[in-house]
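In what follows, a structure is listed as structure tokens, so that the remarks can point back to it.
Just so it is clear, none of the values below were taken in a lab; they were calculated from the coordinates. What you see is a predicted model; the values in this text were computed from it and never measured. All Cβ positions, glycine included, derive from the backbone under ideal geometry; neighbour counts span all protein chains shown.
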Amino acid sequence: MMSPVELSEWAARYQAMWNAGAEAVAGSCTGGVTYRDADCPEEVAGRDAVRKVCDTLFASWHMTYEVDYVLALRDVPGFLVGWKAVMRRKNGDVSVELSGVDVVYVEQMAIARVESHYDRSPLALAA
């Protein structure tokens, strides 16, 4: 189980990577990372696949991401992070607010797996 200091460091790092963009997200992952997101039809695997998903996201949206809370996972290295994001469409004045929970598994100080859970209907309505 992660210590309070490790959790705090990961929370800051996780928030910073999502606010920095696709390269920062992918660069925080292991080469064999798996990523499951409510907005993706299926799980993606590998750093390049995560970068591609994030490139698509950041090509259309400007995102301001904020960590709301972080909790340690009990039996595995990782954490659960509650988050809020404001998404603004780059080619218009559409703005969407989302909140969700990610389950993040860590290996050797890099992200090995992300399971992201949120209601994607606000994004669909803004499309």
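Assuming charge only on the beta carbon of Lys and Arg (+1) and of Asp and Glu (-1), the dipole of segment 63-127 about its Cα centre is about 220 debye to the nearest 20. Which of these values of Kirkwood radius over Cα pairs in Å was calculated from the structure shown: (1) 14.8; (2) 15.2; (3) 14.0? So the structure-derived entry is (1). Between the Cα long axis of helix 4-20 and the first principal axis of the chain there is an angle of about 30°, rounded to the nearest 10. Dipole size of segment 4-126 about its Cα centre, with +1 on Lys/Arg Cβ and -1 on Asp/Glu Cβ: approximately 240 debye, rounded to the nearest 20. In terms of overall dimensions, the C-alpha atoms belonging to segment 1-57 reach 34, 23, 21 Å along their principal axes, ordered largest to smallest.
Neighbours of Tyr65 by Cβ distance under 11 Å: Lys/Arg scored +1, Asp/Glu scored -1, total -2.
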